[in-house]
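The values are calculated or read from the model by the stated rules, or taken from the named source; none is laboratory data. In this text the structure is predicted, and so the values were computed from the model without any measurement. As a convention, Cβ positions derive from the backbone with ideal geometry for all residues, glycine included, and neighbour counts pool all protein chains shown. Surface accessibility is based on the protein's heavy atoms, side chains included, excluding ligands, DNA and RNA. Shrake-Rupley method; radii C 1.70, N 1.55, O 1.52, S 1.80 Å.
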Amino acid sequence: MILESLQGFIPFILYFLIGYLLILSFLYVYTKITPHCEWKLVKEDNPSAAAAFGGTLIGFTLPIASAAVNAVSLVDFAIWGIIAGVMQLLTFFLVRLYMPKLSEKIENNHISAGLFLGGASLATGILNAACMTY
């Protein structure tokens, strides 16, 4: 009975590790693309940056979870994870079109700018996750 329960352990670990790698890779790319340094701002207790970065993290993780549930293979999972990352990056650039001084506002702790970016990222993630239920 215990062995039957543990039968899915290897696939679980593989999906979990790939998912975590996708999340860490996305955060790395995201912080290199954005003009402001999220890590530094969050460490300096900037709520605007924390709201934006937190929303982006959750907005990316939601479709990663959906891709894990719906993937037919590890490669399929990774491909859809990359697509989710591209959609989140696109969201950042679209919000920046709407709010050209977005990074400056986040650096200056304008809470509304951080909340708007975090909300847009979260909304994108929800839509992205729903669209991955093929």
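Among the residues of the range 1-22, the one identified as of a type in the set (Val, Ile, Thr) and within 16 Å of the chain's Cα centre (by Cα) is Ile18. For the range 90-105, state whether one or more residues are in a helix (DSSP H, G or I), in contact with a Ser or Thr (Cβ under 6 Å, 6 or more places away or on another chain) and open to solvent by 30 Å² or more (accessible area, probe 1.4 Å). No, the range 90-105 has no match at all. Residues in the range 1-38 that are within 27 Å of Ser103 (Cβ to Cβ), in contact (Cβ under 8 Å) with a residue 40 or more places away in the chain, surrounded by 15 or more Cβ atoms within 10 Å (Cβ to Cβ) and β-branched (Val, Ile, Thr): Ile23, Thr34.
Checked against (1) of a type outside the set (A, V, I, L, M, F, W, C); (2) buried (at least 19 other Cβ atoms within 10 Å of the Cβ); (3) out of contact with any helix residue (DSSP H, G or I) (no Cβ under 7 Å at 6 or more places or on another chain), Pro63 passes all but a single condition, namely (3).
Would you mind stating whether Ala49 is in a helix (DSSP H, G or I), closer than 19 Å to Phe26 by Cα and in contact with a Cys (Cβ under 9 Å, 6 or more places away or on another chain)? Spelling it out, Ala49 is indeed in a helix (DSSP H, G or I), closer than 19 Å to Phe26 by Cα and in contact with a Cys (Cβ under 9 Å, 6 or more places away or on another chain).
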